[in-house]
1. What about Thr86, is it surrounded by 11 or more Cβ atoms within 10 Å (Cβ to Cβ), hydroxyl-bearing (Ser, Thr, Tyr) and at pLDDT 90 or above?
2. Output the qualifying pairs, or none if there are none: Cβ atoms under 7 angstrom, residues six or more apart or on different chains, first residue in the range 48-68 and closer than 18 Å to Gln81 by Cβ, second residue assigned to a loop (DSSP other than H, G, I, E, B) and of a type in the set (Ser, Thr, Tyr).
Amino acid sequence: MLCNAIFEIGNSAANEFYMMKKRKSYEPRELEGYKCVGSTLKVQSKHFHVNCFKCAVCSSSLAQGGFFFKEGKYYCTTDYQKIFGTKCAACNKFVEGEVVTALGSTYHQKCFVCGRCR
């Protein structure tokens, strides 16, 4: 099993420093030739050290789930919404789940009301 993030075998402090210095983020990246040891997880047929699987923006751990993958990067829910999310045209908050789309705008169901009688 190979780790899909850059690391140096057996030195986690050096791993984090190397990743910050060389890549300016903790975004996971496929790299062949290094065996995963210790706690690992499998994501989309790739293997990561638990500590290597982090959000590309804020570096928070994604090991507990609740992540998005877009354009080759992994994101936590908060950062994904900030970058790619759709906002409600009425309240300006991010929309998810069931929405209403009308005249090119997106709304929460509760926010979509008549403009005259509100």
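The values are calculated or read from the model by the stated rules, or taken from the named source; none is laboratory data. In this text the structure is predicted, and so the values were computed from the model without any measurement. Cβ: placed from backbone, ideal geometry, glycine included. Neighbour counts: every protein chain shown.
1. Considered against the rule, which asks whether it is surrounded by 11 or more Cβ atoms within 10 Å (Cβ to Cβ), hydroxyl-bearing (Ser, Thr, Tyr) and at pLDDT 90 or above, Thr86 comes out as yes.
2. Cβ pairs passing all conditions: Lys54/Tyr26; Lys54/Ser60; Ala56/Ser25; Ser59/Ser25; Ser59/Tyr26.
Per-residue answers, yes or no, for (1) surrounded by 14 or more Cβ atoms within 10 Å (Cβ to Cβ); (2) under 16 Å from the mean Cα position of the chain (by Cα); (3) at positive phi:
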| residue | (1), (2), (3) |
| --- | --- |
| Lys82 | no, yes, no |
| Gly97 | no, no, yes |
| Leu103 | no, no, yes |
| Tyr107 | yes, no, no |
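Yes/no per residue for (1) assigned to a loop (DSSP other than H, G, I, E, B); (2) β-branched (Val, Ile, Thr):
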| position | (1), (2) |
| --- | --- |
| His47 | no, no |
| Asn51 | no, no |
| Glu96 | yes, no |
| Thr101 | no, yes |
| Cys111 | yes, no |
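Per-residue answers, yes or no, for (1) on the phi < 0 side of the Ramachandran plot; (2) surrounded by 14 or more Cβ atoms within 10 Å (Cβ to Cβ); (3) modelled with pLDDT of 90 or more; (4) touching a Pro at 6+ places or on another chain (Cβ under 8 Å):
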residue	(1), (2), (3), (4)
Met19	yes, yes, no, no
Glu32	yes, no, no, no
Lys46	yes, yes, no, yes
Asp79	yes, yes, yes, no
Cys91	yes, no, yes, no
